[in-house]
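Heads up, the thing below is written out as structure tokens.
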Amino acid sequence: MTHEMDDLLGRLRDVPGEPRLAGLDDAVLARLAERRAGAAASGRALALVAVLALGVGLATGVTGPWAHPSASEWGDPLGGVPAMAPSALLMGGR
């Protein structure tokens, strides 16, 4: 049995390889390099969009009319009933 296996492996060693497999390594490595380059570009674009969104959010929060609301608009911040809450409307002026 061992001799048969040795003979089979010896014959397999002598068979020429598939010619299409010769350039497979280079093709795979080239494709991986393309994907890495694309991933780096998309990461930079994502970082740029995040910084832009942060800037727009901060600018809007600082300069908008809601930046400094008056106390009457928001009611009592320490737990009082807001002016437009249903319970406040039902109580009337009590």
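Taking the conditions exactly as written (at pLDDT below 80 and surrounded by 10 or more Cβ atoms within 10 Å (Cβ to Cβ)), does residue 71 satisfy them or not?
Details: at pLDDT below 80: yes; surrounded by 10 or more Cβ atoms within 10 Å (Cβ to Cβ): no.
Against the criterion (at pLDDT below 80 and surrounded by 10 or more Cβ atoms within 10 Å (Cβ to Cβ)), residue 71 does not qualify.
Using the structure shown, decide if residue 25 is surrounded by 10 or more Cβ atoms within 10 Å (Cβ to Cβ) and either modelled with pLDDT of 85 or more or hydroxyl-bearing (Ser, Thr, Tyr) (or both).
Values: surrounded by 10 or more Cβ atoms within 10 Å (Cβ to Cβ): no; either modelled with pLDDT of 85 or more or hydroxyl-bearing (Ser, Thr, Tyr) (or both): yes.
For residue 25, the condition - surrounded by 10 or more Cβ atoms within 10 Å (Cβ to Cβ) and either modelled with pLDDT of 85 or more or hydroxyl-bearing (Ser, Thr, Tyr) (or both) - is not met.
The values are calculated or read from the model by the stated rules, or taken from the named source; none is laboratory data. The model shown is predicted, which means the values in this text are computed figures rather than measured ones. Using ideal geometry, Cβ is built from the backbone for each residue, glycine included, and neighbour counts are taken over all protein chains shown.
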